[in-house]
Amino acid sequence: MTSFGTGMLHMIADAELAEGPAEPAVAWLAEFAALGLTRRFRETVGDRVVEFTYYSGEVAVRWLDDAEAAPILAHGGGFGDALRDWPSALDDELHVPNCTAGGAGNVEAGDSWADGMYFVPIEATLAALRKRLADDEELADREFLETEVLAGLEFCREHDLIFVVY
């Protein structure tokens, strides 16, 4: 079973972090932001959206106002499970918006929970998936890939969310 979605808290974190008070969840996400893999990402925490910005080794955290958060909250998380063969464009675990790395790689973070995870800039994932959809007329699960996965990746890129495949 492959799970995919727009939130690290609900896909990777312990249930206590995902469902508990905001402070530990924000600290957990700030640890990821401090790795510097992305200049900016957002995550839903409870019924609010928090934004992490990384610049010159520093992490800034801010809660989005209601208007900024509305489209993300209306999206509702976008989690799903699939018993499918995924195209190689989706082999990585973290599809990162505003990625600072030149390409895909492994997170190298010592004692961090993210150490060893595979990441790729979300733009590279989108390009590879679009190419696969254009090149393979006989692609199994085309409708699912276009309406669920591609749409989810585009939403994540537009709103600075990390797309997780786990």
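Could you work out how much longer the chain between Glu138 and Arg40 gets when fully extended? Use 0.36 nm per residue separation minus the Cα distance between them, nm to one decimal.
Here the answer is 31.6 nm.
For the range 1-80, with all protein chains present and a 1.4 Å probe, just round the carbon and sulfur fraction of the accessible area to a whole percent.
Carbon with sulfur: 50 percent of the solvent-accessible area.
Under a 10 Å cutoff between Cα atoms, tell me which one of Ala127, Ala34, Ala13 has the largest fluctuation in the Gaussian network model of the chain.
Fluctuation is largest for Ala127.
Given the options Phe144, Phe155, Phe41, state which has the largest fluctuation in a GNM of the chain using a 10 Å cut-off (strictly under) for Cα springs.
The residue that fluctuates most here is Phe144.
Might you work out the accessible area of Ser3 for me, using a 1.4 Å probe with all protein chains in place, and round it to the nearest 10 Å²?
30 Å²
Taking 0.36 nm per intervening residue step and subtracting the Cα-Cα distance, what contour gain separates Asn106 from Glu158 on full extension? Walk me through the numbers before you get to the answer.
Numbers: separation 52, 0.36 × 52 = 18.72 nm, distance 2.39 nm.
Stretched out fully, the Asn106 to Glu158 stretch lengthens by 16.3 nm.
Can you tell me the orientation of helix 122-135 relative to the chain, as the angle in degrees between its alpha-carbon axis and the longest Cα principal axis, to the nearest 10?
For 122-135 against the chain, the angle is about 10 degrees.
Any chance you could give the angle, 0 to 90 degrees and rounded to 10, that helix 22-33 forms with the longest Cα principal axis of the chain?
The two axes meet at around 60 degrees.
Note down the net charge around His159, summing +1 for each Lys or Arg and -1 for each Asp or Glu among other residues with Cβ under 11 Å from its Cβ.
Residues close to His159 contribute a combined charge of -3.
Relative to the first principal axis of the alpha-carbon coordinates of the chain, what is the inclination of helix 66-75, with its axis defined by its Cα atoms, in degrees from 0 to 90 and to the nearest 10?
Between helix and principal axis, roughly 40 degrees.
Go ahead and run the numbers for FRET between Asp91 and Val61, Cβ-Cβ distance against an R0 of 30 Å, rounding to 0.05.
The formula returns an efficiency of 0.45 here.
Within 10 Å, at most 11 other Cβ atoms, and a DSSP state outside H, G, I, E, B define an exposed site. Report the longest part of the chain free of exposed GluC sites (Glu not before Pro). Walk me through the intermediate numbers first.
Working: sites that count: Glu108, Glu137, Glu138.
Segment 1-107 is the longest.
The values are calculated or read from the model by the stated rules, or taken from the named source; none is laboratory data. Computed from a prediction, not measured in an experiment: that's the story for all the values here. Backbone-built Cβ (ideal geometry, glycine too); neighbour counts: all protein chains shown. In case anyone asks, the SASA skips ligands and DNA or RNA and just uses the protein heavy atoms, side chains included. Shrake-Rupley method; radii C 1.70, N 1.55, O 1.52, S 1.80 Å.
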